[in-house]
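Asks: Below is one structure. I have some questions about it.
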């Protein structure tokens, strides 16, 4: 039941757009992870209030983005099991829930960062904005394909 499809199929089934948006979200999430983890290792910022709390949500948010992206890739490649769609929807929802905690932690970090590090935290927040907006676009694309509610 697991088939590989020729390239033209990828462009016709609608999932390629979802996959691309999830990859963009994942890329931005990687920047959030990299930059915020860097701060955990830097003696100047290792104890910055909010970073540990933020990571408590960032790790599961990342997992759910990876899983949603993998699911979209499989659908792009032509797999049709409806539970793949259910997995993608559930993971997008879970990532969005975890993003709220990430955002709260980033706000705490921004409020507690000194003048030297506040612009760095603001850049992390901008990457988080991209991660969230592209995830929302993936959700909206799935809704336009009429697969969002049907997977419940």
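Asks: For region 76-92, give me the residue count where each residue is farther than 15 Å from residue 139 by Cα and either in a helix (DSSP H, G or I) or under 17 Å from the mean Cα position of the chain (by Cα) (or both).
Replies: Adding up the residues that qualify gives 3.
Asks: Here's another thing I want to ask about it. Condition first: more than 15 Å from residue 110 (Cα to Cα) and either surrounded by 21 or more Cβ atoms within 10 Å (Cβ to Cβ) or touching a strand residue (DSSP E or B) at 6+ places or on another chain (Cβ under 8 Å) (or both). Now tell me which residues in region 30-63 satisfy that.
Replies: Correct list: 58, 61.
Asks: If you go through region 114-126 one residue at a time, how many are touching a residue at least 40 places away in the same chain (Cβ under 8 Å) and surrounded by fewer than 21 Cβ atoms within 10 Å (Cβ to Cβ)?
Replies: 4
Asks: Ok, one more. Name the one entry in 34, 71 that is under 22 Å from residue 126 (Cα atoms) and without any contact (Cβ under 8 Å) to a residue 40 or more places away in the chain.
Replies: 34
Asks: Further, regarding this structure: Which of (1) surrounded by 16 or more Cβ atoms within 10 Å (Cβ to Cβ); (2) within 10 Å of the chain's Cα centre (by Cα); (3) within 14 Å of residue 23 (Cα to Cα) is the odd one out, the single condition residue 98 does not satisfy?
Replies: Condition not satisfied by residue 98: (3).
Asks: Can residue 16 be described as at pLDDT below 95, under 17 Å from the mean Cα position of the chain (by Cα) and part of a helix (DSSP H, G or I)?
Replies: yes
Asks: Further question: So, in region 37-68, how many residues would count as being outside any helix (DSSP H, G or I) and free of Cβ contacts under 8 Å to residues at least 12 places away in the same chain?
Replies: Final tally of qualifying residues: 4.
The values are calculated or read from the model by the stated rules, or taken from the named source; none is laboratory data. On a predicted model such as this, the values are computed, not experimentally measured, just so you know. Here Cβ is always computed from backbone atoms with ideal geometry, including for glycine, and neighbour counts include all displayed protein chains.
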